[in-house]
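For reference, the structure is listed below as structure tokens.
The values are calculated or read from the model by the stated rules, or taken from the named source; none is laboratory data. Because the structure is a prediction, the values reported are computed rather than measured. Don't worry about glycine lacking a Cβ; one is built from the backbone with ideal geometry, like all the others, and counts go over all protein chains shown.
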């Protein structure tokens, strides 16, 4: 988030010369509000997480951390099961990314490149899977998962998270592949590629930024998901599901520490792939 | 090097017949232009030759081998696309080398051939750049270099110049002709621009409504169009068509008389604007001038012959004013007679 603000700054000031001062003020106010909207809550959570036991309850709150300490954080990480849950969460989210790209991208490619009977119906159906309430499925799913031996495994959780992420993956990659001119592929065929080679050598490199964005969606969906993860696991909980259980009976500064750890991976992940995201949105990042 | 035989190729999209039994033979080393208005099936035909589209029936034979059902990569051809299709994630060098790499050519070989193709198209100086940093004309050169680098038996070009501005197009046209003559590749070139087709091609196939109306050298097609469409499509201004009555081998328009063939009921006189000259004494074909446009190299006169619209090209120094009636002298050997009902030209007397 901060990166995007910095990136747009030079462009904004350049254009600012031409803008009337009132509009410039409006632009900067808007930017400031947007940045505050994202950063202030994160900052407050961080303050709670690192401010120690007393800092959480002090009032009025100081803007600056008075007694910075990693005590809460390290104690929190030392709680039994937290580290294990973190690993489970990463495994589940990672598998969700892999599955939803591996299954969603071919579907998106087919939707973009071929016309077949029932194409529109299929597109709608893909979306409709999201309209089906998970709560109804909870019990039968649990039973089937126990039967299949998938119950209480990160792999099992990732399957359900893939179901949640797949519609987005298929539809986002569809528009992604639509945006890559067919001629690139045809040129590759003419110059000696099989269909698969053409995809790997020409389409895939061009689609990579969009695929990264799709991966982010899948990752975040899985990372944030609580309901299915809580139902389908007992001991091998993902971090969200585990925190939901233990934090209810923890002191406040532990809860902040837990919240902060939940935020970090998403922020880091988005930061890592932001270049590709900007490419998708048509903003040059060079 | 190879010849191409297109044998009764039909293409249907649903109930729409895009190509109706098209046959065409392109000789080894020949440059043939497929010329026609948009939607006439010329690009479809080219894509069928390339293997990017499958014909409903008929055969395509390249160099004696029936390639009708082979995938594009097995047909031994190269193609230049309308929007160039230069891969944006590869440098110019890698783009030009793409076909050679797919053939698994040795590195030294690749380098040598890429450099030769680059030299031919004057793109040596930006081989390590990415296409995003190139202008349209430069990208076009890269696309042609990529096609020539593989030394294809057959080169297919789909309106390669249509995205360039007018000046650049003229320049590239001249250069393309020189480059392709040197390479001696059998080439099929799709265009809707008659000047491109006339300037580049050894032979032109004029397509209309999914059929080839006429195949011939540029001069043949210009001077002796086989159909009303070809006459009207080629030439600027297009050929004039004047409905006349033919009785006993003579057509009378005003006080002029032209010998005409009597085989058809209703006839049209096809007359090129520059094949009529202003007569000194006002005799000949009566022409009512409505608009005079000085074009520099000539005067473009728009008016009517026998009440029917006609455009005549006159020398730039001719003294003609709008509203005047002038006489035109016409050489009977240079007119085309067209049967109004079939739209086809009648055999010359």
Checked B:213, B:193 against criteria (over 25 Å from residue B:166 (Cα atoms), modelled with pLDDT of 90 or more and within 13 Å of the chain's Cα centre (by Cα)); the one match is B:213
Scanning region B:139-178 residue by residue, the ones that are within 14 Å of another protein chain (Cβ to nearest Cβ), assigned to a loop (DSSP other than H, G, I, E, B) and either farther than 22 Å from residue B:30 by Cβ or free of Cβ contacts under 8 Å to residues at least 60 places away in the same chain (or both) total 3
Scanning region B:126-137 residue by residue, the ones that are under 14 Å from residue B:169 (Cβ atoms) and in a helix (DSSP H, G or I) total 2
Scanning region B:66-83 residue by residue, the ones that are outside any loop (DSSP other than H, G, I, E, B), more than 8 Å from every other protein chain (Cβ to nearest Cβ) and out of contact with any strand residue (DSSP E or B) (no Cβ under 8 Å at 6 or more places or on another chain) total 1
Filtering region B:232-269 down to residues that are out of contact with any strand residue (DSSP E or B) (no Cβ under 9 Å at 6 or more places or on another chain) and assigned to a loop (DSSP other than H, G, I, E, B) yields B:235, B:236, B:248
Result of the Cβ filter at 8 Å on region B:23-50, keeping first residues that are under 18 Å from residue B:225 (Cβ atoms) and not assigned by TED's automatic domain parsing to the domain that holds residue B:196 and partners that are modelled with pLDDT under 95 and assigned to a strand (DSSP E or B), at least 6 apart or interchain, is none
Of the listed residues (B:41, B:136, B:63), the one being away from chain A (no Cβ under 14 Å), buried (at least 22 other Cβ atoms within 10 Å of the Cβ) and under 30 Å from the mean Cα position of the chain (by Cα) is B:41
Among residues of region B:44-60 being more than 18 Å from the chain's Cα centre (by Cα) and in a helix (DSSP H, G or I), the residue farthest from the other protein chains (Cβ to nearest Cβ) is B:48
Those residues of region B:88-114 that are facing chain A (nearest Cβ under 8 Å) and either buried (at least 22 other Cβ atoms within 10 Å of the Cβ) or assigned to a strand (DSSP E or B) (or both) come to a total of 2
Among helices (runs of 4 or more DSSP H) entirely inside region A:173-244, those with 1 or more residues being under 24 Å from the mean Cα position of the chain (by Cα) and within 14 Å of chain B (Cβ to nearest Cβ) are A:204-224
Considering residues that are surrounded by fewer than 21 Cβ atoms within 10 Å (Cβ to Cβ), free of Cβ contacts under 8 Å to residues at least 24 places away in the same chain and either over 15 Å from residue A:96 (Cα atoms) or not assigned by TED's automatic domain parsing to the domain that holds residue A:157 (or both), the number found within region A:200-242 is 5
